[in-house]
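Below is one structure, written out as structure tokens, with a few remarks after it.
What follows is calculated from the coordinates using simple rules that are stated; it is not laboratory data. None of these values were measured; they are calculated from a predicted model. We place every Cβ from the backbone using ideal geometry, glycine too, and count neighbours over all the protein chains shown.
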Amino acid sequence: MNRIDELFKNKDGNILSIYFTAGFPKLDDTIRIMEAIEEAGADIIEIGIPYSDPVADGPTIQDSNNVALNNGMTLKLLFTQLEGLRSKLNIPVVLMGYLNPIVQYGMEAFCKKCQEVGVDGVIIPDLPMQQYTDAYKELFDTYNLRNTFLISPQTSEERIREIDSKTDGFIYMVSSASITGAKKEVSPEQIAYFERVRDMGLKNPRLIGFGISDKASFTTASTYSHGAIIGSAFINVVREAKSLKEEIKTYIKGVIS
Amino acid sequence: MIKIDENGFYGDFGGAYIPEMLYPNIEELRENYEQIMASEAFKEEFDRLLKDYVGRPTPLFFAERLSKEYGAKIYLKREDLCHTGAHKINNTIGQIILAKKLNKKRIIAETGAGQHGVATATVCALMGMECTVYMGAIDMERQKPNVERMRILGATVVPANSGSKTLKDATNEAMRQWINNPVDTHYIIGSVVGPHPYPEMVARFQSVISAEIKTQLLEKEGKDSPDIVVACVGGGSNAAGAFFHYYNDEKVRLIAVEAAGLGVSSGKSAATTQLGKPGILHGSKTLLMQTEDGQVVEPHSISAGLDYPGIGPVHAHLFASGRGEFLAVEDEDAMKAGIELSRLEGIIPAIESAHALSALNQLKFKASDIIVINLSGRGDKDLETYIKWGNY
Ligand SMILES: Cc1ncc(COP(=O)(O)O)c(C=O)c1O
């Protein structure tokens, strides 16, 4: 069974997904960071494949992408680092990356490799739904990968329903009209949007991401959905960390305690 | 014109590879642009502003001394005489009217050399709309006078500090800001790049160039098509405009000139069709300079307007289908061609346009051939580069 399916079968709320950029802050931190995330009790790991032109990302993740690329991170190398992953970790793993590096690697080779190393799902923000269903869905199914689409406050109800029908795994709710980045508070407009989507009765679970940074925002997001995704705030923790594992654990425990 | 399919593809190239957060913006544009552009009100305003404000039609000038030098009949399409000094304003006039019809309150744009930024700031001043232009921090340093021109026109110029801090990063930044302001803001893209419907829409705004060439050539030569049309290609908007009405006229050779920088194989070049592979950047599938790992490579050209790692999908299609002939001109040769035109015809061209002129040295043609070169812009903005180069 796919680990994402399993997770949502066994746990129906307060799901915490942590995003980090592969190759940041150091080239070979990948497994160390993943171990710390699992040990701290988070539920999903999202590994960012660094890209030179991350159009949906704010300054924090732009910077982690840059550092990772300068460190020499590539998709090929990431897969090498992930070999043997499943002898160490049980947590569901999602790869998040822009389309071009994946297409250059080859979509089928990519899907195959994901299954081989034990990746459970993929998020490609600039892959349009139409393109996915026409060209790639069969591949994703063949290799037992879940594909996650994003929705935003501007996404129409009709399109949310279409996305829901073509997603398996979970829906990524972008919390506001914005790129990634840590924010302060959750506004009344955001709450209205969370409620609106919650009340649509979608078949897929929803995780809320972008601007979630601490216990308060995680708790608020989880009130209206199945959980949340933390990215930029986690990158900030990792960047400053003197003792990587300890500080990751302290941070994550602080969010879910 | 070349037809796009319903998903915005020219053959294998084009489409709309955008994050879902941009989907409503692009959808709004896609659903409305054709109808708005076809309306009488739009056409009246567009034609009137092109005539009375931009100064169209621009002349088709028979370059007698240049013709003698190269042994053909050479005409220059004088886009350099447009208000603000380049063809870029044809597109910004079209898009600002469109933005108004869509009830947008704010305009954002990217710029490399600053020409598109100036053309955008200009139409925003004309229409009384708020304008923010994103520009690579390095380009802001290289193109100071254009930064100040935009500021004088009332625009806010914001440095793009990510990545390589040049045009592609300014484009990324503009797209990010569009994600952040999805409702009241229109993004005026400066070339035939970006997600569908931009490439097609910008090509149509620029198509006035070849529409005029046809009328003017008929007057001067008794036939409306030349043997050869030459234009430089950065993103490819002036070329798309100059080729537009000749795409289906197979007798007309379409010559697209890319910037070879210090040499195609020097590692410092912007010759996308020679160095690129199919890939996805800024929302469309096109030819793209990239590493084996799919990271976008930073191009180089002495001309900031050609310093872009991709080309518009329509040109990728022209290249792949063989309909267009693609040449590459090195920095040094472009500079020489710029000086040559200055001396022979009394016209100092933009360095982008000088690339198109230099193609005369590579092209094979007959003495009886009629060649139209699209002189996309004037050289005022490039004075500093000419001075630094110094060989005149
Ligand atoms: C004078 C001139 N020509 C050409 C270009 C290149 O753009 P495009 O290829 O879209 O015509 C520029 C861009 O700044 C320009 O200023």
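Name the long-range amide H neighbours of residue A:214: under 5 Å, sequence gap of 5 or more, or other chain; modelled H, no Pro or chain starts.
Hits under the 5 Å cutoff: none.
Enter the mean number of other protein chain beta carbons within 10 Å of the beta carbon of each residue in A:152-163, as an integer.
The mean count of partner-chain Cβ atoms within 10 Å per residue comes to 3.
With r defined as the distance between the Cβ atoms of residue A:76 and residue B:251 and R0 fixed at 60 Å, what FRET efficiency is calculated, to the nearest 0.05?
Using R0 = 60 Å, I get an efficiency of 0.80.
Distance between Cα centroids, the range B:186-257 to the range A:20-50: provide it in whole Å.
With the range B:186-257 and the range A:20-50 each reduced to a Cα centre, they are spaced 49 Å.
Relative contact order of the range B:247-392, please, whole-number percent, based on alpha carbon pairs below 8 angstrom and at least 6 residues apart.
Relative contact order of the range B:247-392: 22 percent.
With an 8 Å cut-off on Cα pairs and a minimum separation of 6 or more residues, tell me the relative contact order of chain A in percent.
It comes to 24 percent, rounded to a whole number.
Note the angle between two axes, namely the Cα long axis of helix B:331-345 and the longest principal axis of the Cα atoms of chain B, as a number of degrees from 0 to 90, rounded to the nearest 10.
Once rounded, the angle reads 60 degrees.
Convert each backbone phi in the range A:125-131 into a coupling constant with the Karplus relation 6.51 cos²θ - 1.76 cosθ + 1.60 (shift: θ = phi - 60°), then list the ³J(HN,Hα) values in order as whole Hz, x for Gly and Pro.
Running phi through 6.51 cos²θ - 1.76 cosθ + 1.60 with θ = phi - 60° gives x, 9, 8, x, 4, 4, 4 Hz.
At 222 nm, what value in deg cm²/dmol follows for the protein assembly as shown if DSSP H runs of at least 4 each add -39500 (n - 2.57) and the sum is divided by all its residues, to the nearest 500?
Taking each H run of at least 4 residues, the total per residue is -12500 deg cm²/dmol.
So which aspartates and glutamates pass the test for residue A:26, namely a Cα distance under 14 Å, with those fewer than 8 places away in the same chain ruled out?
Output for residue A:26: A:63, A:240.
Apply the Karplus curve 6.51 cos²θ - 1.76 cosθ + 1.60, θ = phi - 60°, to the phi angles in the range A:84-98 and return the couplings in whole Hz, x for Gly and Pro.
Each residue's phi maps through the Karplus curve to give x, 3, 6, 7, 10, 10, 10, 5, x, 10, 10, 9, 10, x, 6 Hz.
Would you list the P(r) distribution for the range B:338-392, with all Cα-Cα distances sorted into 10 Å bins from 0 and each bin expressed as a whole %?
In order of increasing distance, the bins hold 23, 52, 20, 5 percent.
Beyond 22 Å, how much of the Cα-Cα pair distribution for the range B:1-126 remains, as a whole percent?
53 percent
Any chance you could check the Cα centroid distance between the range B:356-392 and the range B:49-83 for me, in angstrom?
13 Å
Net charge near residue A:171, counting Lys/Arg +1 and Asp/Glu -1 over other residues with Cβ under 12 Å of its Cβ?
Once positives and negatives cancel, what remains is +3.
Can you tell me the length gained on complete extension of the stretch residue A:198 to residue A:28, counting 0.36 nm per residue apart and subtracting the Cα distance?
Length gained between residue A:198 and residue A:28: 57.3 nm.
Any aspartates and glutamates with Cα under 17 Å of the residue B:381 Cα? List them, leaving off those in the same chain fewer than 8 positions away.
Excluding near neighbours in sequence, the set is B:79, B:80, B:139, B:141, B:148, B:307, B:331, B:352.
So who's got an amide H within less than 5 Å of the one on residue A:15, skipping anything under 5 residues away but keeping other chains? H placed 1.01 Å off N, in plane.
Hits under the 5 Å cutoff: A:227, A:228.
Apply the Karplus parameterisation 6.51 cos²θ - 1.76 cosθ + 1.60, with θ equal to phi minus 60°, to every residue of the range A:158-171 and state each ³J(HN,Hα) to the nearest whole Hz, in sequence, with x for glycine and proline.
For the range A:158-171, the Karplus-derived couplings read 4, 6, 4, 5, 5, 4, 4, 6, 9, 9, 9, x, 8, 9 Hz, x marking Gly and Pro.
Count charges around residue B:343 for me, please; just the other residues with Cβ under 11 Å from its Cβ, Lys/Arg as +1, Asp/Glu as -1.
Summing Lys/Arg as +1 and Asp/Glu as -1 gives -1.
Using a Förster distance of 41 Å, how high is the FRET efficiency between residue A:88 and residue A:223, based on the Cβ-Cβ distance and rounded to 0.05?
E(calc), rounded to 0.05, equals 0.80.
Under the rule a/c < 1.5 gives rounded, and otherwise a/b versus b/c splits prolate from oblate, where does the range A:126-257 land using the Cα gyration tensor?
oblate
Take residue B:27, project a point 7 Å from its Cα along the Cβ direction, then tell me which residues of the range A:183-207 have their backbone nitrogen under 19 Å from it.
Taking a point 7 Å out along Cα→Cβ of residue B:27, the residues of the range A:183-207 whose backbone N falls under 19 Å are A:193-204.
Order A:81-89, A:214-222, B:306-314 from most to least packed using the mean count of other Cβ atoms within 10 Å.
B:306-314, A:214-222, A:81-89
Using a basic spin-label model with each label point 7 Å from the Cα along Cα→Cβ, how many nm lie between residue B:62 and residue B:223?
That separation, rounded to one decimal, is 1.6 nm.
Given the convex hull of the Cα atoms of the protein assembly as shown, what is a quarter of its surface area in nm²?
Directional mean of the projected Cα hull area for the protein assembly as shown stands at 27.8 nm².
Helix B:208-221: angle to the longest alpha-carbon principal axis of chain B, degrees 0 to 90, nearest 10?
20 degrees
Which angle between 0 and 90 degrees, to the nearest 10, do you get for helix B:23-38 versus the longest principal axis of chain B when only C-alpha atoms count?
Rounded to the nearest ten degrees, it is 50.
Mind listing the Cα extents of the range B:277-392 along all three principal axes, in Å, largest one first?
45, 38, 20
Highest GNM mean-square fluctuation, chain B, Cα pairs closer than 10 Å: which of B:102, B:288, B:218?
Maximum fluctuation in the GNM of chain B, among the listed residues, is at B:218.
Limiting things to C-alpha atoms, what are the Rg and the maximum Cα-Cα separation (Dmax) for the range B:202-275, in angstroms?
14.4, 46
Considering every residue in B:11-22, what mean count of other chain Cβ atoms within 10 Å of its Cβ is obtained?
Average neighbour count from other chains, rounded to a whole number: 6.
Give the shape of chain A as rounded, prolate or oblate, defined through the alpha-carbon gyration tensor: a ≥ b ≥ c are the square roots of its eigenvalues, a/c under 1.5 means rounded, and otherwise the shape is prolate if a/b is larger than b/c and oblate if not.
Rounded shape, in that the Cα axes give a/c under 1.5.
Determine, for the range B:1-160, the count of lysine pairs separated by eight or more sequence positions (or lying on different chains) whose alpha-carbon distance falls under 22 Å.
18
When chain B is treated as a GNM, springs tying every alpha-carbon pair under 10 Å, which of B:355, B:116, B:317 comes out with the largest mean-square fluctuation?
Looking only at B:355, B:116, B:317, the biggest GNM fluctuation is shown by B:317.
Under a cut-off of 19 Å between alpha-carbon atoms, report the lysines in cross-link reach of residue A:203, not counting same-chain residues fewer than 8 places apart.
In chain and number order, the partners are A:9, A:11, A:137, A:166.
Using 0.36 nm times the number of residues separating residue B:383 and residue B:344, minus their current alpha carbon distance, what extension gain do you get?
Stretched fully, the residue B:383-residue B:344 segment lengthens by 12.2 nm.
Tell me, for the protein assembly as shown, which Cys residues have no other cysteine's C-beta sitting closer than 4.7 Å.
So, A:111, A:114, B:82, B:232.
Taking amide H positions as placed 1.01 Å from N in the peptide plane, with prolines and chain starts having none, which residues 5 or more places from residue B:290, or on another chain, fall under 5 Å of its amide H?
Those qualifying (amide H under 5 Å, at least 5 residues apart or on another chain) are B:277, B:297.
Can you list the trypsin sites (Lys or Arg not before Pro) in the range B:150-235 that are in a DSSP coil and have 14 or fewer other beta carbons within 10 angstrom?
Taking the range B:150-235 and a limit of 14 other Cβ atoms within 10 Å, the loop trypsin sites (Lys or Arg not before Pro) found are B:223.
Using only the Cα atoms of chain B, build the gyration tensor, take square roots of its eigenvalues as a ≥ b ≥ c, and label the shape rounded, prolate or oblate: rounded if a/c is under 1.5, else prolate if a/b is larger than b/c, else oblate.
Rounded shape, in that the Cα axes give a/c under 1.5.
Give, as a single signed number, the net charge of other residues whose beta carbon lies under 15 Å from the beta carbon of residue A:9, with Lys and Arg counted +1 and Asp and Glu -1.
Neighbourhood net charge equals -2.
Could you check which residue among B:127, B:175, B:150 shows the biggest mean-square fluctuation in a GNM of chain B with a 10 Å Cα cutoff?
Of B:127, B:175, B:150, the most mobile in the Gaussian network model is B:127.
Work out the FRET efficiency for residue B:361 and residue B:292 from their Cβ-Cβ distance, taking R0 = 45 Å, and round it to the nearest 0.05.
Efficiency, rounded to the nearest 0.05: 0.85.
Within the range B:174-254, list the GluC sites (Glu not before Pro) lying in a DSSP loop whose Cβ has at most 10 other Cβ atoms in a 10 Å radius.
Here the sparse-neighbourhood loop sites are B:250.
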